[in-house]
Ligand SMILES: *Cc1c(COP(=O)(O)O)cnc(C)c1O
């Protein structure tokens, strides 16, 4: 039997956040603030749409290009349906982009896939699966605990010969937001395809996002990623989409699975986009809770860059428990948050914004952990 390819053998696979068992979740035993799921349920219209799918619709293959969803997304962002691709989570779009734009090693790959450090840890794993090199561009450090984007990001990517680069905006894991002017300069300066990962854009300032703005201006080397997992409370559905020029979308369409989205998912996702009033109300609630949580943690000495997402990155106060100790102490109380044991993140906790009650429980547990360390 042949062994797997060398790059797969040496690959460190993506490590997802912990998911409690169905029994633990049902018993309400766990407060889950570790993987940035929406704190609130999806719109009632979503469940109605799922229940409305007929046996006949399941007997037949679904729309191969998710046509009803594409037109709903096109209407929402004022682009054409040919500028939209629907994917099995935003993650499938990321994988498609690497497949379509990056050469494998030894085949003129040069800089391969460009990304900043830190950013979404899946990016480098996708490059590894495809066996294309990664070019890391280091972000700075600012007084708020944020990681500012280097002004010469485009030039560094060009110098390395990157054909594709990912930029998550609002940034994960810090939550900070780059504005449209910064992104326009970056897109115009970069010789490759720039992917603006807007998985969290729904929680940003109200109004259109920087990435969508650039697409409508006709910036043809930009791809904007959106996900229904966070903003629309549908992480379990696995649905995302990309918006770009018709040329880019046509290239991506060639490389995806023929029927990449099932009939139930298409019905649910289309219904979710259709109820913007519901979604906007939930985003407003999340923003209000984010402000409250950020203020409460800052009062306790945590340092937090201004977040435009549904999570905060909190650097623990000097002289108290280490971030890893907070993580363990909260876990023992049934509260899951995310701790990244990497050099730039080891003194921080990434905490998903929960409901008011969940955030209260989180703050009480943080106080308990700090208290316990003093005794
Ligand atoms: C959640 C997320 C995505 C996409 O997630 P899906 O669940 O696959 O839609 C993409 N990028 C970032 C940074 C994310 O956090």
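Looking at segment 281-298, is at least one residue in contact with a strand residue (DSSP E or B) (Cβ under 9 Å, 6 or more places away or on another chain), without any contact (Cβ under 8 Å) to a residue 60 or more places away in the chain and in a loop (DSSP other than H, G, I, E, B)?
So far as segment 281-298 goes, no, none of its residues is in contact with a strand residue (DSSP E or B) (Cβ under 9 Å, 6 or more places away or on another chain), without any contact (Cβ under 8 Å) to a residue 60 or more places away in the chain and in a loop (DSSP other than H, G, I, E, B).
Residues checked against (1) surrounded by 23 or more Cβ atoms within 10 Å (Cβ to Cβ); (2) over 25 Å from residue 83 (Cα atoms); (3) assigned by TED's automatic domain parsing to the domain that holds residue 183:
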residue: 197; (1), (2), (3): yes, no, yes
residue: 234; (1), (2), (3): yes, no, yes
residue: 254; (1), (2), (3): no, no, yes
residue: 281; (1), (2), (3): no, yes, no
residue: 288; (1), (2), (3): no, yes, no
residue: 292; (1), (2), (3): no, yes, no
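Can you tell me which residues in segment 299-315 are closer than 14 Å to residue 363 by Cβ and touching a strand residue (DSSP E or B) at 6+ places or on another chain (Cβ under 8 Å)?
Listed by number, the residues that qualify are 302, 304, 312, 314.
Test each condition in (1) closer than 26 Å to residue 229 by Cβ; (2) in contact (Cβ under 8 Å) with a residue 60 or more places away in the chain; (3) touching a strand residue (DSSP E or B) at 6+ places or on another chain (Cβ under 8 Å) for residue 339 and report the one that comes out false.
(2)
If I filter segment 149-156 for residues that are within 20 Å of the chain's Cα centre (by Cα), modelled with pLDDT of 95 or more and surrounded by 20 or more Cβ atoms within 10 Å (Cβ to Cβ), do I get at least one hit?
no
Every residue in segment 322-335 that is crowded, with 19+ Cβ neighbours inside 10 Å and either over 28 Å from residue 25 (Cβ atoms) or touching a residue at least 24 places away in the same chain (Cβ under 8 Å) (or both), please.
Once the filter is applied, which keeps residues that are crowded, with 19+ Cβ neighbours inside 10 Å and either over 28 Å from residue 25 (Cβ atoms) or touching a residue at least 24 places away in the same chain (Cβ under 8 Å) (or both), segment 322-335 yields 323, 326, 330, 335.
Where residues in segment 245-265 are in a loop (DSSP other than H, G, I, E, B) and more than 16 Å from the ligand (Cβ to nearest atom), which of them is nearest to residue 88 (Cα to Cα)?
259
Among the residues of segment 47-79, which ones are in a loop (DSSP other than H, G, I, E, B), more than 16 Å from the ligand (Cβ to nearest atom) and surrounded by 15 or more Cβ atoms within 10 Å (Cβ to Cβ)?
Passing the criteria: 53, 62, 63, 65, 79.
Restrict the check to segment 159-170 and report whether at least one residue is within 16 Å of the ligand (Cβ to nearest atom), in a loop (DSSP other than H, G, I, E, B), at pLDDT below 95 and closer than 30 Å to residue 291 by Cα.
For segment 159-170, residues within 16 Å of the ligand (Cβ to nearest atom), in a loop (DSSP other than H, G, I, E, B), at pLDDT below 95 and closer than 30 Å to residue 291 by Cα: absent.
Could you figure out which of (1) under 23 Å from residue 14 (Cα atoms); (2) outside any loop (DSSP other than H, G, I, E, B); (3) in contact with a helix residue (DSSP H, G or I) (Cβ under 7 Å, 6 or more places away or on another chain) isn't true of residue 327?
Exception for residue 327: condition (3).
Determine if segment 111-134 includes at least one residue that is without any contact (Cβ under 8 Å) to a residue 40 or more places away in the chain, away from the ligand (no atom under 12 Å from the Cβ), closer than 22 Å to residue 178 by Cα and not in a helix (DSSP H, G or I).
For segment 111-134, residues without any contact (Cβ under 8 Å) to a residue 40 or more places away in the chain, away from the ligand (no atom under 12 Å from the Cβ), closer than 22 Å to residue 178 by Cα and not in a helix (DSSP H, G or I): absent.
In segment 40-61, is there at least one residue being within 26 Å of residue 313 (Cα to Cα) and in contact with a helix residue (DSSP H, G or I) (Cβ under 7 Å, 6 or more places away or on another chain)?
There is at least one residue in segment 40-61 that is within 26 Å of residue 313 (Cα to Cα) and in contact with a helix residue (DSSP H, G or I) (Cβ under 7 Å, 6 or more places away or on another chain).
When segment 198-229 is examined, which residues are found to be within 16 Å of the ligand (Cβ to nearest atom), touching a residue at least 60 places away in the same chain (Cβ under 8 Å), farther than 10 Å from residue 169 by Cα and in a loop (DSSP other than H, G, I, E, B)?
If the condition is that a residue be within 16 Å of the ligand (Cβ to nearest atom), touching a residue at least 60 places away in the same chain (Cβ under 8 Å), farther than 10 Å from residue 169 by Cα and in a loop (DSSP other than H, G, I, E, B), then 229 is the only one that fits.
Could you grab me the full set of residues in segment 182-197 that are within 16 Å of the ligand (Cβ to nearest atom) and in contact (Cβ under 8 Å) with a residue 60 or more places away in the chain?
195, 197
I need the full set of residues from segment 12-31 which are surrounded by 15 or more Cβ atoms within 10 Å (Cβ to Cβ) and either away from the ligand (no atom under 16 Å from the Cβ) or modelled with pLDDT of 95 or more (or both), in order please.
20, 30, 31
Have a look at 315, 348 and point out the one that is out of contact with any helix residue (DSSP H, G or I) (no Cβ under 7 Å at 6 or more places or on another chain) and surrounded by 14 or more Cβ atoms within 10 Å (Cβ to Cβ).
315
Restricting segment 23-37 to residues that are part of a loop (DSSP other than H, G, I, E, B) and touching a helix residue (DSSP H, G or I) at 6+ places or on another chain (Cβ under 7 Å), which is nearest to residue 235 (Cα to Cα)?
33
The values are calculated or read from the model by the stated rules, or taken from the named source; none is laboratory data. In this text the structure is predicted, and so the values were computed from the model without any measurement. Neighbour counts are summed over all protein chains in view; Cβ atoms, including those assigned to glycine, are modelled from backbone coordinates with ideal geometry.
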